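The values are calculated or read from the model by the stated rules, or taken from the named source; none is laboratory data. Keep in mind that this is a model prediction, so the values were computed, not measured. We place every Cβ from the backbone using ideal geometry, glycine too, and count neighbours over all the protein chains shown. Just so you know, the surface numbers come from the protein's heavy atoms only, side chains and all, with ligands and any DNA or RNA stripped out. Shrake-Rupley method; radii C 1.70, N 1.55, O 1.52, S 1.80 Å.
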Protein chains: 2
Amino acid sequence: RMDASAMWLYRWYYSSSCQRILSFTIFLILSLAFVETPSSLTSSSDVRFRIAAWEPPCGLTESVELLCLLVFVADVSVKSYLVGWSQYRNNPWLLAYFVVLGVSLTDWIVSLSLICWETVRIRRLLRPFFLLQNSSMMKKTLKCIRSTLPQMASVALLLALHLCLFTTFGMLLFTGEKEDQLRKERLTYFRNLPEALTSLLVLLTTANNPDVMMPAYSKNRAYSIFFILFTVIGSLFLMNLLTAIIYNQFRGYLMLSLQTSLFRRRLGTRAAYEVLTSLEGGKEDHLQAAGVRPETFLRALQKIHMASHCRQAIMQKVLSQGDRLLSADEFQKLFNEVDKRVIKEHPPRPEYRSPFLRSAQFLFGHYYFDYLGTLIALGNLVSICVFLVLDSDLVPDDRDDFLLGILNAVFILYYQVEMLLKIFALGLWGYLSHLSNLFDGFLTLVLLGLEIATLSVYRFPHSGWKPHTVGPMSLWNMTRLVNILIVFRFLRIIPNIKMMAVVANTLLDLVRNMRAFAGILVVVYYIFAIIGINLFQGVVVAPPGNGSLAPNGSESCGSFEQLEYWSNNFDDFAAALITLWNVMVVNNWQVFMDAYRRYSGPWSKLYFVAWWLVSSVIWVNLFLALILENFIHKWDRRDQHPHSLGTPEASYH
Amino acid sequence: RMDASAMWLYRWYYSSSCQRILSFTIFLILSLAFVETPSSLTSSSDVRFRIAAWEPPCGLTESVELLCLLVFVADVSVKSYLVGWSQYRNNPWLLAYFVVLGVSLTDWIVSLSLICWETVRIRRLLRPFFLLQNSSMMKKTLKCIRSTLPQMASVALLLALHLCLFTTFGMLLFTGEKEDQLRKERLTYFRNLPEALTSLLVLLTTANNPDVMMPAYSKNRAYSIFFILFTVIGSLFLMNLLTAIIYNQFRGYLMLSLQTSLFRRRLGTRAAYEVLTSLEGGKEDHLQAAGVRPETFLRALQKIHMASHCRQAIMQKVLSQGDRLLSADEFQKLFNEVDKRVIKEHPPRPEYRSPFLRSAQFLFGHYYFDYLGTLIALGNLVSICVFLVLDSDLVPDDRDDFLLGILNAVFILYYQVEMLLKIFALGLWGYLSHLSNLFDGFLTLVLLGLEIATLSVYRFPHSGWKPHTVGPMSLWNMTRLVNILIVFRFLRIIPNIKMMAVVANTLLDLVRNMRAFAGILVVVYYIFAIIGINLFQGVVVAPPGNGSLAPNGSESCGSFEQLEYWSNNFDDFAAALITLWNVMVVNNWQVFMDAYRRYSGPWSKLYFVAWWLVSSVIWVNLFLALILENFIHKWDRRDQHPHSLGTPEASYH
């Protein structure tokens, strides 16, 4: 649609405030899961210590949800109006959006009519869709993942073949009954086909590595060959092949998205040029000398939303070209100015009259003074560490914090003086214009506040001075914790070391480019956590008696109960997230599988294996691919312009 | 040197038999470690069950070693003679070779004069050098690794910073004394600075993931943020960045080595062309029309060692060109024939007179017959699995193998008949010319032998037939094991599935290209195993009493003793290798660290951390880089020639 009202709606819809409201609504509806009926509002998720959580009354979260859904209804209607009917039918995302909203609203009505006593809430599962459909980058990433699936399936087939082969082989190998060690191997890991399969699947993730081979290996060295061969083929070759496949698909992914956005901008500027030219043409009836007059362009420029320094740069460029018509090429080149990152100019230093003040200003404004500050911070850190080592053998209640209290006060005093001197040398605005100073100043003020509070509560340090713990963490400990944040001062040294600079820059770029991946992670976590809550809520029960503190000797070693994994359950959303995280990290995930098999049934294994596949196999590999892609992209650019390391570079959005 | 005797020596030295002797000598001197004084010739390495191993008398291994060293002396003298003195001084590898040999021989003399009672043998540590210096590819890889070290050091610095920051932070966070859970956290993982550092270092490898956060997390959910943040930054970001750095260095590594070898061949052929031209020039005094006459070339060709099919192809090409002189370009092009992989021609099928025999030949030579065989093999596998499932609840001694015995005999009979029919259809040589048939035939014959042996020992199957176990594995079990090898028949289907073909081809190429990496792995394992033996030999002692079978309840869960890791020691070379493997796989490596800290001293941690860095961080990442490189190289080539998937492709050596 190209009429004026649609245009106005388009502008309004894509205005930053409107988009921000949409993002906030998505955030709100997603975070409802923490408050809803199995609510996460307890300090502990341990089934032994947990107190009953506050449950929101029926209708509270539901009304918030209805508000969010209504915002989405408005969103989908605006979007489909803007897209138009013919486009609408061909846009599966928009169709799905419509369906999801319909289902959610129906589910909401059913839920309220049952006074919140329904067993399954479908609309919870559908919520992540709102996050997904709102980001074009995430849709693109999903498409990319989907296109790797056939190849991944072939590797998965190889993996399955490998697993089956070794399972049957292992079953035949470990039939020994006479020797104790072999019987132990058979009974523990190869009792029957499903158990053998599980043992080897876990070995594929190396989570039970030395244990699974120990009984047989201590009987005969040769048995270790079976397990090592399995690990080498499965874990080193096939699993890494999966990484390679995913990386191969995502190679050039960043480059492509960069090119696409460049191409769109080119197209946009070209269209703007054509429009401006036709305006001119209509007015003055030039026939051949097509072009845009600088004044027209400048007038148009005033109406566009853009960063003021970019506009300044473009205007200067236009004025420097004189009064002749701009050709299409020149018009394009003007917008290259947008890519150039402006070097931030710091406000001028205050000028003092007295020569003494001037020399003091020179002294404290010099970067050697920064180095001195870093050195003092290092001393601070060392002092904290030394006291940690000295105190390590004492029970916390017996520690004497007199000396440390004095030292800390001195350091905090130094930071105050340093801040004041810097403000004196650079001026207040000059001081604040440095990002690092901003951080330092904030930290220094927080430290000052904490120190004053500490001194007022515990009095001045004296021999045997020992601040008591009040609440979860004493004021004094808090002071020390904040003190440790001083470490971040050292990060400022990094840009001075060439190698570190590349690495640190890559990390920063990565964080910038990984929003889509993080979004997909959120979606996956959300869906699995909700499914997990539906499947396993209340399944893990506290052990009988108050056996919480004395470890119960009757539990076998390495079991869920002996390891006291009681907090890893699916009883509320926050606990489910942490449980899923622990399974994603893969170590000891067989303990979870085994426990939920016992508490819930053998089919729970499928849930954990599915989560392992999605999170650890696919997502972690995706993440690795992203890091590789970012780093190599960066590296290639650095190789092309070996001298541009310190100069401003274009960043992609 | 370019005189005739040097030339002859050069040819002789680089002849395949001479190089093979050298490789065998290297293999021999490396494998001596299994036999030498802490000898690995016991069936078990478990300190509880181990019987005293046979120790070779003084002088036996030493004399073998002397022989090997003498071969190396000959090798180094020939090499330095061929290289010449001026080159020799600039070749650090050759110099090092000389020094290593000198040290080894001195050490050998000292060892013999002390009648093998010396405490440290330096020459054992130096042995892997012989493997290293013999492979130019390994030297190149080492150089590549060395050039990544500066970048890796910068990431390591970031990692160390990250570790230190979180350690001090954790030490301050977990000072709780009042709550039981927090005290447990402090006492178990954050008791003092070194222990906190170790806990977090292990968490970096995720080997103690849920355990380390459990006590604090079950007190308060918020504590999990500390651990999750640590894992995300350390394990996901920084560790993967290491992978990226290594991969970046090895990108184009294969391509480069391919180009280098191509360039060398071009240079060689060009030189040959010049020589042949100058010969012609001397004989017939052509002035301008430089070139090589085909006859001269063919005569020269006869003298060269090369694969006969290549020579055939080149000769045909030459003869097809007629009698005119070959120009330099044409000369080069001739050798492109070497790259073309020959499609192996199978011998013609035997021709039978009778129409019945002909139709039978068509039937059994058809590829549908192959499919039938695969189907039968599948049935065989299924029957084995079904019986495994049925028998899983029975103790091995109660199983009735009557039906399975009958079934197995039937299947083995079928394989025999299939083999004979195929030989009938294709002829004996036609049958053997297929690689897959060779494998099938071999398997079938082995199965036949085993079945006959089984029947002769246990008689024909009858109800309640149950072959007894004799020795470590019964003949009957062996038959079933070999039967499972039938699974490899399914691998033949793989080339028919397009996706699988790429993946499987990549895996095969990988194995071909990874010799250098495997060599470096051998070197690293060897050095660390020898150091480990010197440091920790005999340190782990068997528990008092015959507590081997009944698990001792007094050991705390998760300790070396409770997990019965007694076989993981450094008492002989083979055991050390397996121990190192288990640490390399990283899971539960904190158990090893803890045990050796207790048995040997806190400094043993350094050894394990060093091994973790070298094996798990550097080598595993190297391996991943190799897989990525291979796969992407292959993929790029496939993209360039989308139709050449099934056609022969050049392989690189």
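Here is how the numbers come out for the structure above:
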{"item": "Rg/Rh (Cα only; Kirkwood hydrodynamic radius) as it applies to segment A:509-640", "result": "1.12"}
{"item": "Per-peptide average of other Cβ atoms within 10 Å, ordering A:597-610, B:231-244 highest first", "result": "B:231-244, A:597-610"}
{"item": "Extension gain, A:F27 back to A:E118 (0.36 nm per residue minus Cα-Cα distance, nm)", "result": "30.3 nm"}
{"item": "A/B buried area, accessible surface, summed, 1.4 Å probe, Å²", "result": "10200"}
{"item": "Residues in segment B:146-186 reached by a label modelled at B:V609 [backbone nitrogen below 19 Å; 7 Å Cα→Cβ]", "result": "B:152-172"}
{"item": "Segment A:142-250, accessible surface, carbon-and-sulfur percent (1.4 angstrom probe)", "result": "68"}
{"item": "Average Cα contact separation per residue, segment B:142-250, under 8 Å, 6 or more apart, as relative contact order %", "result": "32"}
{"item": "Gyration tensor verdict on segment A:142-250 (Cα atoms; rounded if a/c is under 1.5, prolate if a/b is larger than b/c, oblate otherwise)", "result": "prolate"}
{"item": "Relative packing of A:572-585, B:427-440, which averages over residues the other C-beta atoms within 10 Å, highest first", "result": "A:572-585, B:427-440"}
{"item": "Exercise: per-residue mean of other protein chain Cβ atoms within 10 Å, B:184-193", "result": "2"}
{"item": "Sequence ranges A:198-205, A:563-570, ranked by mean other-Cβ count within 10 angstrom, highest first", "result": "A:563-570, A:198-205"}
{"item": "Kirkwood Rh, angstrom, segment A:562-623 [1 / mean 1/r, Cα pairs]", "result": "12.0"}
{"item": "10 Å Cβ neighbours from other chains, averaged over peptide B:623-635", "result": "5"}
{"item": "Where rotation carries A onto B, the chain A residue whose Cβ is nearest that axis, in whole Å", "result": "A:C557, 2"}
{"item": "Simple label model, 7 Å out from Cα along Cβ direction - A:N90 to A:I452, nm", "result": "6.6"}
{"item": "Across B:K143/B:K605; B:K79/B:K143; A:K139/A:K605; B:K143/B:K303; A:K634/B:K634; B:K143/B:K634, pairs whose alpha-carbon gap is larger than 32 Å", "result": "B:K143/B:K303"}
{"item": "Value of Rg to Rh for segment A:4-134 (Rh from inverse mean 1/r over Cα pairs, i.e. Kirkwood)", "result": "1.06"}
{"item": "Cα-based convex hull, segment A:117-196, per residue volume (Å³, whole number)", "result": "165"}
{"item": "Label-point separation in nm, B:S433 to A:L357, each point 7 Å along Cα→Cβ", "result": "10.1"}
{"item": "Probe 1.4 Å, all protein chains present, accessible-area order of A:M137, A:M593, A:M7, largest first", "result": "A:M7, A:M137, A:M593"}
